[in-house]
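Q: Below is one structure. I have some questions about it.
The values are calculated or read from the model by the stated rules, or taken from the named source; none is laboratory data. In this text, all values refer to a predicted model and were calculated from it rather than measured experimentally. Glycine gets a Cβ as well: all are built from the backbone with ideal geometry, and neighbour counts include every protein chain shown. Ligands, DNA and RNA are excluded from the accessible area calculation, which covers all protein heavy atoms including side chains. Shrake-Rupley method; radii C 1.70, N 1.55, O 1.52, S 1.80 Å.
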Amino acid sequence: MSKPFTITTAISYPNGRPHIGHAYEVIATDAVARFQRMMGRDVFFQTGTDEHGLKMAQTARNRGIEPRELADEMAGYFKQMNERLNISHDRFIRTSEPDHHAASQAIWQAMEANGDLYLGRYEGWYSVRDEAFYDEKEIVEGEGGAKLSPQGTPVEWTVEESWFFRLSAYQDRLLALYESQPDFIQPDSRRNEIMRFVEGGLSDLSVSRTSFDWGVKVPGSEGHVMYVWVDALTNYLTGCGYPDDAERMARYWAEEGDITHIIGKDIVRFHTVYWPAFLMSAKLPLPKQVFGHGFLLNRGEKMSKSVGNVADPMELADRFGVDQLRYFLLSEVTFGNDGSYSAEAIVARSNSDLANSFGNLAQRTLSFIAKNLEGRLPEPAPQDVDSELLKSIAEAAQTFQTAMADLAPSVAIEAWMRAVFACNAYIDAQAPWALRKTDPARMEAVLATLYEAIASLAIMIQPVIPASATALLDQMGIDGETRGYDVIGSKFYADLRASGFILGAPKPLFPRLELTEAEG
Ligand code: ME8
């Protein structure tokens, strides 16, 4: 059996509908999951909703409904979004599900058995918006003397009986982890930030609440529910079969396994300090990498409900197309950095790369073959320029694979785009249309080269724009079984010709997008 690859997004708070930041994260993770499947890996890809905690309880109360009702309604929107965006997850987990409660209680008991949990009294600052506790030294003053978290969210003084996790005991082990596994936290800027934070000393962490009951019950401790982050982080284990399915755990959550968490930069601390400490305490394997991507900004500005600039990913997908949106987000934003989106930027990127460069290349080549050769695939007779073009595409495919394996989709797409440009330059130089009368054999050779090149480009870009790439490969007669990276540079074109495949009139893939008058 092929080597397993476990990849997850954060699980989203379903206290509102999904926004473009949620879409961005799940699209990036999906591209990596699809890529790894193409590489033959046995992928387990999980995403879902984080349904407990005070934020959910308060939002529900404000709406006069039960938290469960709120979670049911909003989880539905997250599922719809994933379907619309062509997300290939293997499980959509909801933390209100029974197997997740069982997993959370099991990790709790394991941490307790290790002597890391004790009952005490919490007195300190809590931000409901972040669902996070903050040390006195982290609190800043806002307008009118309001107390704020370092993220700028309001905090409230909280006093209650609480279970504590002995986080302070893990400082050295965590620092040793960051030293010995430098890729554990990526990108490096986030790693440095976390190392400084841990070097500054760790306080024990309050891990239960008694003031509300919307959460996972603490085993054997009446009136306590787990702090939402304890159960939220455990979702990753639940999906891998913890605690009862040993076989599944050995496959998807193993010491030598490739476990990658893709999350946003605001929650790196939870994933790289608390989470490995919980896992060490429960004597479970650690993930291989936590990647903290940047934030998406609306025209450079932070999205917020009060400003009213929160984009609905479904509207963007309806207006611009799913693959156009996926392509935009993955090509425009360097993974790890913040990025900006706007209708203008989506339209410009999609028109230049997808419609004008790649779409046009495929459309003119394929319709020329369909018309002038009645769909019969042209006969190759390679000259140096032809072989060179195909060689450069095979090299681009290598670069693409390396970059995707390194979680650098924008770098991968750049390599793809350079290969598209090379094809367009080749067409212009070889001018097959002009050869029709003067040298039909050479015309065929040029078209044959292009056919192979276009199929290779479509194979390469599948993880990014899966629906369009699939549609093109279908039109071109490339068998579903032969769409892996190993096909690029192989003799698939010769085999396809030999099969007698006849190309039909191609359907255009990427319509030119337009702005509204107000935007234009
Ligand atoms: O943090 N741009 O949930 P969440 C890019 N439930 N990414 C963004 C973003 C933006 N503008 N806004 C948010 C939570 N995100 C917890 C996670 S995991 C065990 C629990 C990202 O709904 C954010 O960084 O607030 C996070 O990775 C994800 O969206 C869900 O955010």
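Q: State whether the residues of segment 98-110 include one that is free of Cβ contacts under 8 Å to residues at least 40 places away in the same chain and over 30 Å from PRO463 (Cα atoms).
A: The answer is yes, given that some residue of segment 98-110 is free of Cβ contacts under 8 Å to residues at least 40 places away in the same chain and over 30 Å from PRO463 (Cα atoms).
Q: How many residues are open to solvent by 20 Å² or more (accessible area, probe 1.4 Å) and part of a strand (DSSP E or B) if we restrict to segment 185-234?
A: Matching residues across segment 185-234 total 2.
Q: Please go through (1) out of contact with any Cys (no Cβ under 6 Å at 6 or more places or on another chain); (2) in contact (Cβ under 8 Å) with a residue 60 or more places away in the chain for ASP439 and return the number of the only condition it doesn't satisfy.
A: (2)
Q: Quick one: PRO508 ticks every box in (1) modelled with pLDDT of 95 or more; (2) not assigned by the TED database to the domain that holds ASN424 except a single one, so which number is it?
A: (1)
Q: Which residues, taken from segment 321-333, are within 13 Å of the chain's Cα centre (by Cα) and part of a loop (DSSP other than H, G, I, E, B)?
A: Passing the criteria: only VAL333.
Q: Return a yes/no flag: does segment 248-271 have any residue that is away from the ligand (no atom under 13 Å from the Cβ), open to solvent by 30 Å² or more (accessible area, probe 1.4 Å), more than 27 Å from the chain's Cα centre (by Cα) and modelled with pLDDT of 95 or more.
A: no
Q: Moving to a separate point now. Quick test of your reading of the structure: ASP353 fulfils all but one of (1) open to solvent by 60 Å² or more (accessible area, probe 1.4 Å); (2) part of a helix (DSSP H, G or I). Name the failing condition by number.
A: For ASP353, the failing item is (1).
Q: What number of residues in segment 212-231 are touching a residue at least 40 places away in the same chain (Cβ under 8 Å) and either farther than 20 Å from ARG68 by Cα or in contact with a helix residue (DSSP H, G or I) (Cβ under 8 Å, 6 or more places away or on another chain) (or both)?
A: Of the residues in that region, 13 qualify.
Q: Please determine, by comparing only the residues of segment 288-299 that are surrounded by fewer than 22 Cβ atoms within 10 Å (Cβ to Cβ) and within 12 Å of the ligand (Cβ to nearest atom), which one is nearest to ALA254 (Cα to Cα).
A: Among them, the one singled out is GLY294.
Q: Let me ask something else. Look through GLN398, GLN383 and report the one residue that is closer than 18 Å to GLN462 by Cβ, surrounded by fewer than 17 Cβ atoms within 10 Å (Cβ to Cβ) and either outside the structural domain of LYS265 (by the TED database) or of a type in the set (Asp, Glu) (or both).
A: GLN398
Q: While we're looking at this one, here's another question. Identify all residues within segment 422-455 that are more than 39 Å from the chain's Cα centre (by Cα), open to solvent by less than 20 Å² (accessible area, probe 1.4 Å) and of a type in the set (Gly, Ala, Ser); write none if there are none.
A: Residue satisfying the conditions is ALA445 alone.
Q: Just the residues that are in a strand (DSSP E or B) and of a type in the set (A, V, I, L, M, F, W, C), please, taken from segment 151-179.
A: Correct list: TRP157, VAL159, TRP163, PHE164, PHE165.
Q: TRP275: of a type in the set (Phe, Trp, Tyr), within 11 Å of the ligand (Cβ to nearest atom) and either in contact with a Cys (Cβ under 9 Å, 6 or more places away or on another chain) or open to solvent by less than 10 Å² (accessible area, probe 1.4 Å) (or both), yes or no?
A: In short, yes.
Q: Of everything in segment 456-475 that's of a type in the set (S, T, N, Q) and surrounded by 21 or more Cβ atoms within 10 Å (Cβ to Cβ), which residue is nearest to PRO508 (Cα to Cα)?
A: Here the residue is SER468.
Q: Kindly establish whether ASP312 is assigned by the TED database to the domain that holds ASN15, in contact (Cβ under 8 Å) with a residue 40 or more places away in the chain and acidic (Asp, Glu).
A: Considered against the rule, which asks whether it is assigned by the TED database to the domain that holds ASN15, in contact (Cβ under 8 Å) with a residue 40 or more places away in the chain and acidic (Asp, Glu), ASP312 comes out as no.
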